[in-house]
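Chemist: My questions will all concern the structure given below.
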Amino acid sequence: MENNNNNNDFSLDSNDSSTLLRRRDILLSATTAAAAAAAAAAVSPIRSSFAATAAEAAAEFPIKLEGTVSRVVSRPRRSRSKREKEEEEEVLVIDGIQFDRNFPVKFDVYVNDDCSDGGSGPTAAEFAGSLVNVPHGRRGTIKTCLRLAITDLLESVGADDDDSVLVTLVPKSGVGLVSVGNIGIELLS
């Protein structure tokens, strides 16, 4: 395919940076619609099998993201007052994230409230954030962490009074290339 008509076409033989960025944009836009549908589908079955997910929570870390992964994560405190929430932010910490920086990597993070009250389905789920790596010529493995503020998110899904929440990681790109060392919740002032 050669670039003769417009800027959205690209040549597979070209290696200039603008062409590489257009390739990345095309790949990312192609997966966006499929990713949204997969995320909605991934959340619903997980919520209906909460007992199985609780058993998975005892699984050893690190977790390799070869598909959708869910873990029940204990909260440090529940039913915090408005003042406590203003003084300390509840933060979801995904630690020990490791991957080869030469490959594009993306995973989304969803937080569901504990379904022990009988509620289930994607209406109780909230998108918390994403980790994205765009390769740019550096070699080697990177180890990092992702911190996401979830105080407001927990209120919006009605999980403010729960002892634990269900955290779901949905790989979008680089499936099987990412490992996660630990998932937890901290209070930061």
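The values are calculated or read from the model by the stated rules, or taken from the named source; none is laboratory data. It should be emphasised that the depicted structure is a prediction, and the values quoted were computed from it without experimental measurement. Cβ atoms come from the backbone with ideal geometry, glycine included; neighbour counts cover every protein chain shown. These accessible areas exclude ligands, DNA and RNA; they are computed on the full protein's heavy atoms, side chains included. Shrake-Rupley method; radii C 1.70, N 1.55, O 1.52, S 1.80 Å.
Chemist: Inspect the range 181-189 for any residue being of a type outside the set (Val, Ile, Thr), assigned to a strand (DSSP E or B) and open to solvent by less than 70 Å² (accessible area, probe 1.4 Å) and give the result as yes or no.
Modeler: yes
Chemist: Within the range 146-160, how many residues turn out to be in contact (Cβ under 8 Å) with a residue 60 or more places away in the chain and more than 14 Å from Arg80 (Cα to Cα)?
Modeler: 1
Chemist: Would you check if there is a residue in the range 110-132 being part of a strand (DSSP E or B), in contact with a strand residue (DSSP E or B) (Cβ under 8 Å, 6 or more places away or on another chain), within 21 Å of Glu60 (Cα to Cα) and not acidic (Asp, Glu)?
Modeler: Yes, because at least one residue in the range 110-132 is part of a strand (DSSP E or B), in contact with a strand residue (DSSP E or B) (Cβ under 8 Å, 6 or more places away or on another chain), within 21 Å of Glu60 (Cα to Cα) and not acidic (Asp, Glu).
Chemist: Could you look through the range 46-99, keep only residues that are closer than 12 Å to Leu166 by Cα and β-branched (Val, Ile, Thr), and pick out the one that is modelled with the lowest pLDDT?
Modeler: Ile46
Chemist: Then there is this: Collect the residues in the range 100-157 that are more than 18 Å from Glu89 (Cβ to Cβ), touching a Ser or Thr at 6+ places or on another chain (Cβ under 7 Å), acidic (Asp, Glu) and at pLDDT below 90, keeping them in residue-number order.
Modeler: Passing the criteria: only Asp114.
Chemist: Could you list all residues from the range 147-171 that are within 29 Å of Gln98 (Cα to Cα), open to solvent by 10 Å² or more (accessible area, probe 1.4 Å) and not polar (S, T, N, Q)?
Modeler: Arg147, Leu148, Ala149, Asp152, Leu153, Asp163, Pro171
Chemist: Another one. How many residues does the range 158-171 hold that are touching a Leu at 6+ places or on another chain (Cβ under 9 Å) and within 15 Å of Ile94 (Cβ to Cβ)?
Modeler: So the answer is 5.
Chemist: Is it fair to say Gly176 is assigned to a loop (DSSP other than H, G, I, E, B) and small (Gly, Ala, Ser)?
Modeler: yes
Chemist: Sticking with this structure for a sec: Note down all Cβ pairs under 6 Å where the first residue falls in the range 65-77 and is touching a residue at least 12 places away in the same chain (Cβ under 8 Å) and at negative phi, the second is surrounded by fewer than 20 Cβ atoms within 10 Å (Cβ to Cβ) and part of a loop (DSSP other than H, G, I, E, B), and they're at least six residues apart or on different chains.
Modeler: From residues that are touching a residue at least 12 places away in the same chain (Cβ under 8 Å) and at negative phi, the pairs are Glu66/Gly176.
Chemist: Of everything in the range 60-95, what is basic (Lys, Arg), surrounded by fewer than 19 Cβ atoms within 10 Å (Cβ to Cβ) and more than 17 Å from Val180 (Cα to Cα)? Give them in sequence order.
Modeler: Result: Arg77, Arg78, Lys82, Arg83, Lys85.
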